[in-house]
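Enquirer: Dropping the structure in here first, questions after.
The values are calculated or read from the model by the stated rules, or taken from the named source; none is laboratory data. This structure is a prediction, so every number in the text was calculated from the model and none was measured. All Cβ positions, even for glycine, are placed from backbone atoms using ideal geometry, and neighbour counts span all protein chains on display. Accessible surface areas use protein heavy atoms only, side chains included; no ligands, DNA or RNA. Shrake-Rupley method; radii C 1.70, N 1.55, O 1.52, S 1.80 Å.
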Amino acid sequence: MHLEGKAGIVTGAGRGIGREIALLMAKEGARVVVNDPGVGRGGEVTDEQPADAVLDEIAGAGGTAVANYSSVADYEAAGLMILQCTEAFGKIDFVVNVAGMLRERMIWNMSEDDFDAVIGVHLKGHWNMCHHAIKPMRAQRFGRIVNFSSDAFKGSVGQCNYAAAKAGIIGLTRSIARECGRYGITANAMCPLAATRMTADDAVIAGWKRRLDSGLLTQAEYDSRIAMPGPQYVAPIVAYLCTDSAREVNGQLFHAERARIHTYFYGEVSRSIHKYEDDGMFTIAELANTIPESLMAGVPNVAPAQDPEE
Ligand SMILES: NC(=O)c1ccc[n+]([C@@H]2O[C@H](COP(=O)([O-])OP(=O)(O)OC[C@H]3O[C@@H](n4cnc5c(N)ncnc54)[C@H](O)[C@@H]3O)[C@@H](O)[C@H]2O)c1
């Protein structure tokens with residue numbers, strides 16, 4: 001059992017990837033707070049409580065867990081969730097921030113509420129949980145944070161709110177890693193790909209098809225989205241990152257899909273142009289001449305302009 005004696009929280013653990021992580025971590029000996037308010041795909045309130053079913057599964061397999069039904073977007077409630085863990089289990093060793101929802105619109109159709117709600121659950125929700133959890137982790141000089149970003153950080157059509165939040169989560173995670181590493185706390189981020197209601201229900205697949213037909217997705221992008229693996233494949237790497245043996249893995253960004261895991265470089269220099277100090281600044285004219293054949297040589301426009309009738 002790789003997590004014997006550990007205790008912590010998995011947010012959004014009632015369904016999808018979070019559920020698989022909570023089940024595996026409990027099986028590996030961890031005591032788990034299973035957080036999920038049971039909201040709909042767009043964050044709307046429902047009368048579902050999927051955390052209860054996960055609790056039953058964990059108990060049925062001989063594990064130990066308690067439920068929490070709060071939203072991670074609520075600052076006070078996030079603080080109380082950490083308190084619930086320390087009161088129930090005597091400590092908090094890990095926080096796995098999986099909670100998430102989507103409000104997909106093109107930027108010109110997106111409401112302020114669509115933007116704020118997605119930033120609130122993903123970026124602010126991550127900050128809320130990390131902010132409260134790191135206080136006791138710092139005191140005990142041990143902690144494991146695993147945050148959930150997404151490949152959408154690269155830019156994603158119809159998801160500018162989500163992509164912005166997920167890119168923000170990478171900056172948050174890397175900052176926590178640098179601030180807290182000295183206290184025995186690690187922070188890493190995952191970009192998963194898995195069939196869940198977020199990615200694989202009928203309406204989602206119909207949306208991908210429309211984007212394929214209108215040229216917003218390539219055939220390869222479409223094919224990879226409709227043939228997704230199950231969420232259980234994401235759980236082992238997350239559980240590993242919470243073990244003692246992952247103590248030197250800090251500030252990293254992983255992608256996990258099927259039995260394939262890779263790391264991303266993020267923010268490394270790819271090409272550069274420069275002048276010697278005495279030659280002064282670039283002029284706009286120099287940049288207009290130089291950039292197409294240096295920094296942008298062979299780099300395509302990600303979405304070239306089209307004729308209105310296309
Ligand atoms: N499935 C994928 O391919 C994929 C790809 C990239 C990123 N992700 C990220 O992985 C995470 C899990 O996604 P999933 O596919 O398992 O989705 P899912 O919809 O199956 O599960 C997400 C769970 O989070 C819960 N949740 C929503 N808002 C919450 C809140 N405010 N507080 C607490 N819980 C809340 C929901 O009730 C739901 O049970 C998300 O952060 C998502 O953005 C998933």
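Enquirer: Using r as the Cβ-Cβ distance of Ser175 and Gln306, and R0 as 35 Å, what FRET efficiency do you calculate, to the nearest 0.05?
Expert: Given R0 = 35 Å and the Cβ-Cβ separation, E is 0.35.
Enquirer: Note down the nm distance, to one decimal, between modelled labels 7 Å out along Cα→Cβ at Ala53 and at Lys209.
Expert: Result: 2.6 nm between the two label points.
Enquirer: Another question, if that's okay. Evaluate the distance, in nm, between pseudo-label points positioned 7 Å from the Cα of Ile273 and of Thr46 along their respective Cα→Cβ axes.
Expert: 5.2
Enquirer: Let me ask something additional. By its C-alpha gyration tensor, with a ≥ b ≥ c as the square roots of the eigenvalues, how is segment 154-310 shaped: rounded for a/c under 1.5, else prolate for a/b larger than b/c, else oblate?
Expert: oblate
Enquirer: Let me ask something else. Probe 1.4 Å, all protein chains in place: accessible area of Ser111 in Å², nearest 10?
Expert: Counting only protein heavy atoms, the figure is 50 Å².
Enquirer: Let me ask something else. Are any of the pairs Lys154/Lys209; Lys6/Lys154; Lys135/Lys166; Lys91/Lys124 more than 26 Å apart by Cα-Cα distance, and if so, which?
Expert: Lys6/Lys154
Enquirer: Hey, what's segment 1-150 come to in accessible area per residue, 1.4 Å probe, Å²?
Expert: Ligands and nucleic acids excluded, the result is 42 Å² per residue.
Enquirer: Looking only at Ile284, Ile107, Ile17, which one moves most when the chain is put into a Gaussian network model with springs between Cα atoms under 10 Å?
Expert: Result for the chain, Cα springs under 10 Å: Ile284 fluctuates most.
Enquirer: Just the number, please: percent antiparallel of the DSSP beta bridges in segment 166-310, rounded to the nearest 5.
Expert: Around 50 percent of the beta bridges assigned by DSSP in segment 166-310 are antiparallel ones.
Enquirer: Filter the chain for me: DSSP H helices, axial length by Cα at least 20 angstrom, mean Kyte-Doolittle hydropathy not below -0.5. List them by residue number.
Expert: Membrane-span-like by this criterion, though nothing is claimed about a membrane: 75-89, 160-180.
Enquirer: Also, quick follow-up: Quick one: net charge around Ser111, please, counting Lys, Arg +1 and Asp, Glu -1 for every other residue with C-beta under 11 Å from its C-beta.
Expert: -2
Enquirer: To continue, here is another question. Between Tyr69 and Val299, what length comes free when the chain is fully extended (0.36 nm per residue of separation minus the Cα-Cα distance, one decimal in nm)?
Expert: Full-extension gain reported as 78.1 nm.
Enquirer: Counting only DSSP beta bridges with both residues in the chain, what percent are antiparallel, rounded to the nearest 5?
Expert: 10
Enquirer: I want to verify a result. In a Gaussian network model of the chain, Cα cutoff 10 Å, which of these has the top mean-square fluctuation: Ala194, Ala88, Ala206?
Expert: Of Ala194, Ala88, Ala206, the Gaussian network model singles out Ala206 as fluctuating most.
Enquirer: Ok, one more. With a 1.4 Å probe and every protein chain kept in, tell me what percent of the accessible surface of the chain is carbon plus sulfur.
Expert: Exposed carbon and sulfur together represent 54 percent of the surface.
Enquirer: Identify the residues of segment 225-241 with backbone N under 20 Å of a label point that sits 7 angstrom from the Cα of Ala259 along the Cα-to-Cβ direction, or state none.
Expert: Inside the label zone: 227-241.
Enquirer: As an exercise, use a Förster radius of 35 Å and the Cβ-Cβ distance of Arg105 and Met1 to find the FRET efficiency, rounded to the nearest 0.05.
Expert: 0.20
Enquirer: List the residues of segment 93-133 whose backbone N lies under 19 Å from a point placed 7 Å from the Cα of Tyr183 along the Cα-to-Cβ direction.
Expert: It comes to 93-97, 125-133, nothing else.
Enquirer: If you roll a 1.4 Å probe over the heavy atoms of the protein chains, what accessible area per residue do you get for segment 199-290, in Å²?
Expert: Using a 1.4 Å probe on heavy atoms only, each residue of segment 199-290 averages 67 Å².
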